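A short write-up of the structure that comes next.
The values are calculated or read from the model by the stated rules, or taken from the named source; none is laboratory data. Every value quoted in this text rests on a predicted model; they were computed, and no experiment measured them. No Cβ is skipped: glycine too gets one built from the backbone with ideal geometry, and neighbour counts run over all protein chains shown. Only protein heavy atoms, including side chains, enter the accessible area calculation; ligands, DNA and RNA are left aside. Shrake-Rupley method; radii C 1.70, N 1.55, O 1.52, S 1.80 Å.
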Amino acid sequence: MGNKLLWVGGIHGVGKTSVLEAIISKNSQNIKKIYLGQLFWDTAISIGKQWMQLSEEGNLLEVENVVTRELLRQADQHNLIIDSHFCVYIGKKLLPGFHYTNLLKIIGRNKRRGLINLIADPHTIAQRRVRSTKKHPNYPIFSDVGKITKEMEESNMYFEYFRKAFPQENSIVIDTSSESVRTLKRKIMEVYN
(Lines give C-alpha, C1' and ligand atoms only; values in the text may rest on other atoms or scores of the structure.)
Protein backbone atom coordinates (compact mmCIF):
# COMPACT_ATOMS: atom_id res chain seq x y z
CA MET A 1 0.00 0.00 0.00
CA GLY A 2 1.36 3.40 -0.93
CA ASN A 3 1.84 6.43 1.26
CA LYS A 4 0.64 9.98 0.66
CA LEU A 5 1.20 11.34 -2.83
CA LEU A 6 0.87 14.96 -3.92
CA TRP A 7 1.43 15.83 -7.59
CA VAL A 8 2.19 19.55 -8.07
CA GLY A 9 2.47 21.07 -11.52
CA GLY A 10 2.63 24.37 -13.32
CA ILE A 11 4.82 26.22 -15.78
CA HIS A 12 8.27 27.64 -15.03
CA GLY A 13 7.91 30.70 -12.81
CA VAL A 14 4.71 29.92 -10.88
CA GLY A 15 6.70 29.21 -7.72
CA LYS A 16 6.71 25.41 -7.52
CA THR A 17 10.31 25.06 -6.44
CA SER A 18 10.21 27.89 -3.89
CA VAL A 19 7.08 26.65 -2.16
CA LEU A 20 7.95 22.96 -2.30
CA GLU A 21 11.46 23.56 -0.96
CA ALA A 22 9.92 25.49 1.95
CA ILE A 23 7.60 22.56 2.66
CA ILE A 24 10.40 20.01 2.47
CA SER A 25 12.70 22.06 4.70
CA LYS A 26 10.13 21.74 7.51
CA ASN A 27 9.10 18.14 6.74
CA SER A 28 12.21 16.41 5.38
CA GLN A 29 11.76 13.46 7.74
CA ASN A 30 8.20 12.83 6.53
CA ILE A 31 8.13 13.83 2.85
CA LYS A 32 10.37 13.16 -0.12
CA LYS A 33 10.24 15.56 -3.09
CA ILE A 34 10.88 14.22 -6.55
CA TYR A 35 11.59 16.63 -9.38
CA LEU A 36 10.04 14.67 -12.23
CA GLY A 37 11.92 16.48 -14.99
CA GLN A 38 15.27 15.59 -13.45
CA LEU A 39 14.19 11.97 -12.93
CA PHE A 40 13.17 11.77 -16.62
CA TRP A 41 16.47 13.33 -17.70
CA ASP A 42 18.59 11.04 -15.53
CA THR A 43 16.61 7.97 -16.59
CA ALA A 44 16.88 8.83 -20.29
CA ILE A 45 20.65 9.20 -20.01
CA SER A 46 20.99 5.98 -18.02
CA ILE A 47 19.28 3.98 -20.78
CA GLY A 48 21.11 5.75 -23.59
CA LYS A 49 18.46 8.19 -24.83
CA GLN A 50 19.01 11.83 -25.74
CA TRP A 51 16.37 14.44 -24.87
CA MET A 52 15.33 15.04 -28.49
CA GLN A 53 14.83 11.29 -29.02
CA LEU A 54 11.97 11.46 -26.50
CA SER A 55 9.77 13.20 -29.07
CA GLU A 56 9.32 9.72 -30.57
CA GLU A 57 6.55 8.14 -28.51
CA GLY A 58 8.24 4.73 -28.26
CA ASN A 59 11.38 6.28 -26.76
CA LEU A 60 9.36 8.47 -24.43
CA LEU A 61 7.29 5.55 -23.17
CA GLU A 62 10.42 3.44 -22.68
CA VAL A 63 11.85 6.12 -20.39
CA GLU A 64 8.50 6.83 -18.73
CA ASN A 65 7.96 3.15 -17.93
CA VAL A 66 11.28 3.08 -16.06
CA VAL A 67 10.34 6.34 -14.30
CA THR A 68 6.96 4.84 -13.36
CA ARG A 69 8.61 1.83 -11.74
CA GLU A 70 10.89 4.14 -9.76
CA LEU A 71 7.98 6.33 -8.64
CA LEU A 72 6.06 3.22 -7.53
CA ARG A 73 9.09 2.03 -5.57
CA GLN A 74 9.51 5.45 -3.94
CA ALA A 75 5.77 5.75 -3.19
CA ASP A 76 5.87 2.44 -1.32
CA GLN A 77 8.68 3.73 0.88
CA HIS A 78 7.94 7.44 1.33
CA ASN A 79 5.30 10.13 1.38
CA LEU A 80 5.94 11.93 -1.91
CA ILE A 81 5.54 15.33 -3.44
CA ILE A 82 6.14 15.24 -7.18
CA ASP A 83 7.25 18.54 -8.74
CA SER A 84 6.31 18.42 -12.40
CA HIS A 85 4.92 20.06 -15.49
CA PHE A 86 1.56 18.97 -16.89
CA CYS A 87 2.96 19.23 -20.40
CA VAL A 88 6.34 19.68 -22.00
CA TYR A 89 7.70 20.55 -25.40
CA ILE A 90 10.26 18.19 -26.84
CA GLY A 91 11.42 19.93 -29.97
CA LYS A 92 8.23 21.42 -31.40
CA LYS A 93 6.04 18.63 -30.08
CA LEU A 94 3.77 19.32 -27.08
CA LEU A 95 3.38 16.20 -24.96
CA PRO A 96 1.64 15.36 -21.68
CA GLY A 97 3.91 15.51 -18.64
CA PHE A 98 2.97 11.89 -17.97
CA HIS A 99 0.87 9.38 -19.88
CA TYR A 100 -2.53 8.59 -18.41
CA THR A 101 -2.02 4.82 -18.04
CA ASN A 102 1.22 5.31 -16.10
CA LEU A 103 -0.38 8.06 -14.05
CA LEU A 104 -3.17 5.66 -13.06
CA LYS A 105 -0.62 3.05 -11.99
CA ILE A 106 1.03 5.50 -9.64
CA ILE A 107 -2.00 7.13 -8.09
CA GLY A 108 -3.90 3.84 -7.94
CA ARG A 109 -1.40 2.60 -5.32
CA ASN A 110 -1.82 5.72 -3.20
CA LYS A 111 -5.21 6.11 -1.57
CA ARG A 112 -4.26 9.46 -0.05
CA ARG A 113 -3.43 11.59 -3.04
CA GLY A 114 -3.85 15.08 -4.38
CA LEU A 115 -3.23 17.15 -7.47
CA ILE A 116 -2.37 20.85 -7.45
CA ASN A 117 -2.06 23.21 -10.40
CA LEU A 118 -0.03 26.28 -9.46
CA ILE A 119 -0.81 29.28 -11.64
CA ALA A 120 0.12 32.95 -11.62
CA ASP A 121 -0.50 36.13 -13.54
CA PRO A 122 1.63 36.08 -16.73
CA HIS A 123 3.22 39.45 -15.82
CA THR A 124 4.24 38.05 -12.43
CA ILE A 125 5.73 34.97 -14.10
CA ALA A 126 7.66 37.17 -16.55
CA GLN A 127 9.17 39.14 -13.65
CA ARG A 128 10.10 35.95 -11.80
CA ARG A 129 11.71 34.48 -14.90
CA VAL A 130 13.83 37.56 -15.50
CA ARG A 131 15.11 37.36 -11.89
CA SER A 132 15.60 33.58 -11.94
CA THR A 133 19.04 32.02 -12.12
CA LYS A 134 17.62 28.72 -13.44
CA LYS A 135 18.60 27.78 -16.95
CA HIS A 136 17.09 24.92 -18.91
CA PRO A 137 19.29 23.96 -21.89
CA ASN A 138 16.64 21.79 -23.52
CA TYR A 139 13.64 23.95 -22.72
CA PRO A 140 13.68 27.66 -23.56
CA ILE A 141 12.21 29.89 -20.87
CA PHE A 142 10.37 32.89 -22.30
CA SER A 143 9.68 36.13 -20.43
CA ASP A 144 7.31 37.37 -23.16
CA VAL A 145 3.82 37.73 -21.61
CA GLY A 146 2.08 36.51 -24.78
CA LYS A 147 4.16 33.32 -24.85
CA ILE A 148 3.66 32.83 -21.11
CA THR A 149 -0.10 33.16 -21.58
CA LYS A 150 0.03 30.44 -24.25
CA GLU A 151 2.14 28.21 -21.97
CA MET A 152 -0.43 28.69 -19.17
CA GLU A 153 -3.31 27.75 -21.50
CA GLU A 154 -1.49 24.59 -22.62
CA SER A 155 -0.59 23.66 -19.05
CA ASN A 156 -4.17 24.20 -17.86
CA MET A 157 -5.45 21.99 -20.70
CA TYR A 158 -3.12 19.18 -19.62
CA PHE A 159 -4.00 19.75 -15.96
CA GLU A 160 -7.53 18.71 -16.93
CA TYR A 161 -6.04 15.58 -18.52
CA PHE A 162 -4.30 14.78 -15.21
CA ARG A 163 -7.40 15.69 -13.22
CA LYS A 164 -9.35 12.80 -14.75
CA ALA A 165 -7.08 10.40 -12.84
CA PHE A 166 -7.43 12.11 -9.45
CA PRO A 167 -10.44 12.39 -7.14
CA GLN A 168 -12.03 15.78 -7.86
CA GLU A 169 -12.13 16.76 -4.16
CA ASN A 170 -8.33 16.40 -3.99
CA SER A 171 -7.62 18.40 -7.14
CA ILE A 172 -7.26 22.18 -6.89
CA VAL A 173 -5.81 25.26 -8.57
CA ILE A 174 -3.81 27.74 -6.48
CA ASP A 175 -2.85 31.20 -7.75
CA THR A 176 0.62 32.13 -6.49
CA SER A 177 0.60 35.70 -7.87
CA SER A 178 0.10 37.56 -4.60
CA GLU A 179 0.24 34.89 -1.89
CA SER A 180 3.13 34.59 0.55
CA VAL A 181 5.16 31.38 0.60
CA ARG A 182 3.75 30.76 4.10
CA THR A 183 0.15 30.97 2.85
CA LEU A 184 0.93 28.78 -0.17
CA LYS A 185 2.59 26.19 2.07
CA ARG A 186 -0.53 26.09 4.26
CA LYS A 187 -2.85 25.65 1.25
CA ILE A 188 -0.71 22.88 -0.24
CA MET A 189 -0.39 21.07 3.10
CA GLU A 190 -4.19 21.17 3.51
CA VAL A 191 -4.47 19.10 0.33
CA TYR A 192 -1.52 16.93 1.33
CA ASN A 193 -2.91 16.12 4.77
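For the reader, a short list of remarks on this structure follows.
- Proportion of all alpha-carbon pairs of region 49-100 beyond 19 Å (%): 31
- Span per principal axis, largest first, for the Cα atoms of the chain (Å): 40, 38, 28
- Percent carbon-and-sulfur accessible area, the chain, ignoring ligands, DNA and RNA, probe 1.4 Å: 52
- Take the Cα of W41, step 7 Å toward its Cβ, do the same at T101, and the gap between the two points is 2.8 nm.
- Around the Cα centre of the chain, unit charges on the Cβ atoms of Lys, Arg, Asp and Glu (plus for the first two, minus for the last two) sum to a dipole of about 560 debye.
- Taking 0.36 nm per residue of sequence separation and removing the Cα-Cα distance, the S177/R131 pair yields an extension gain of 15.0 nm.
- Computed FRET value (nearest 0.05) for R186 with Q53, which takes r as the C-beta separation and R₀ as 35 Å: 0.25
- Dimensions (Å) - region 9-118, Cα atoms, principal axes, largest first: 39, 30, 23
- The chain: relative contact order in percent, alpha carbon pairs under 8 Å with at least 6 residues between: 34
- Near I81: Cβ cut-off under 12 Å, other residues only, Lys/Arg at +1 and Asp/Glu at -1. The net charge is +4.
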